[in-house]
Amino acid sequence: MSLRPFSERQRGRFVSVDGPSGAGKSTIVRHLAQLLVAAGEDVHVTAEPSTGPIGALCRELTETTTRHALACLYAADRYHHLEAEVRPNLEAGRVVLSDRYIPSGLVMQRFDGIDPMFLWRLNAEADRPDLAVILEADPEVISERLRERGPHNRFQLSSGSSHAEVHFYRQATERLIQAGYDVLRVDVNRRPPERSAALIRDRLLAFFAPAAG
Ligand SMILES: Nc1ncnc2c1ncn2[C@@H]1O[C@H](COP(=O)(O)OP(=O)(O)O)[C@@H](O)[C@H]1O
Ligand SMILES: [Mg+2]
């Protein structure tokens with residue numbers, strides 16, 4: 001690949017990966033990081049909730065806290081994650097890959113009936129990712145994968161939650177596009193994670209390539 005590594009620029013690139021539970025975010029982020037490293041990039045992988053103190057609180061309180069309180073807690077973690085981890089790595093010239101970011105914040109609390117406009121405002125001052133990757137899959141496909149993996153939080157327990165999640169993600173994606181976010185939608189229904197990661201890598205390298213001349 002003849003493209004200049006992102007790391008030779010003054011600032012890195014921030015890429016978020018979101019999508020319904022079971023869509024393959026964590027698997028794809030892992031493959032994508034390997035592919036970018038192989039392409040000469042300096043990569044920092046992270047996730048939300050973060051590994052910081054507020055992220056730990058999110059994990060501890062997800063089952064017992066609800067609605068606005070939980071939405072604010074996740075948003076607090078997001079802002080702290082930006083300050084403590086994302087921005088310093090971008091400033092060091094790295095590609096930062098986040099497994100979940102704003103789009104998940106616009107979706108998860110919808111299960112608790114929170115107004116999407118409240119969630120939008122809560123996230124309004126969080127840094128825009130250079131590219132927001134949204135994994136798209138049919139509810140049937142992801143509920144089958146989740147059945148195999150087993151549910152791991154209260155947002156995945158109700159039957160039909162995959163349908164609602166896919167619906168909320170579609171609305172969040174439209175909102176992000178309307179607001180001028182650079183969004184890359186990837187259909188992961190029949191695509192193995194390695195192939196999705198390669199597709200995202202190709203799009204990233206092309207998208208961030210310096211203009212010729
Ligand atoms: N494209 C795919 N085809 C088949 N199985 C997949 C695919 N993507 C992910 N999986 C499987 O689905 C499960 C959830 O993947 P994971 O990466 O943990 O998803 P997420 O982080 O989005 O919840 C894992 O068992 C993974 O191996
Ligand atoms: Mg995951």
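The values are calculated or read from the model by the stated rules, or taken from the named source; none is laboratory data. What you see is a predicted model; the values in this text were computed from it and never measured. Note that each Cβ is placed from the backbone with ideal geometry, even for glycine, and that neighbours are counted across all protein chains shown.
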Checklist entry - Going by the structure shown, is L70 at pLDDT below 95 and away from ligand 1 (no atom under 14 Å from the Cβ)? => result no
Next on the checklist: If a residue must be among the basic types (K, R), under 21 Å from I114 (Cβ atoms) and at pLDDT below 85, how many such residues does region 140-182 contain?
Outcome noted: 1
Checklist entry - For residues in region 16-72 being of a type in the set (S, T, Y) and under 26 Å from G113 (Cβ atoms), which is nearest to the chain's Cα centre (by Cα)? => result S16
Checklist entry - How many of the residues making up region 24-58 are within 16 Å of ligand 2 (Cβ to nearest atom), in contact with a Pro (Cβ under 7 Å, 6 or more places away or on another chain) and closer than 23 Å to R87 by Cβ? => result 2
Next on the checklist: Between a residue in region 24-35 that is among the hydrophobic types (A, V, I, L, M, F, W, C) and any residue that is assigned to a helix (DSSP H, G or I) and within 13 Å of ligand 2 (Cβ to nearest atom), which pairs come within a Cβ distance under 8 Å, given they are 6 or more apart or on different chains?
Outcome noted: I28/P193
Item to check | Unique residue being under 27 Å from V95 (Cβ atoms), of a type outside the set (V, I, T) and away from ligand 2 (no atom under 16 Å from the Cβ) when the list is L199, L135 | outcome: L199
Checklist entry - L122 is checked against (1) within 15 Å of ligand 1 (Cβ to nearest atom); (2) buried (at least 21 other Cβ atoms within 10 Å of the Cβ); (3) more than 17 Å from V166 (Cβ to Cβ) and fails just one. What number does that condition carry? => result (1)
Checklist entry - Residue check, S196 against (1) under 20 Å from A33 (Cβ atoms); (2) more than 12 Å from ligand 1 (Cβ to nearest atom); (3) not hydrophobic (A, V, I, L, M, F, W, C), all met but one. Which one? => result (2)
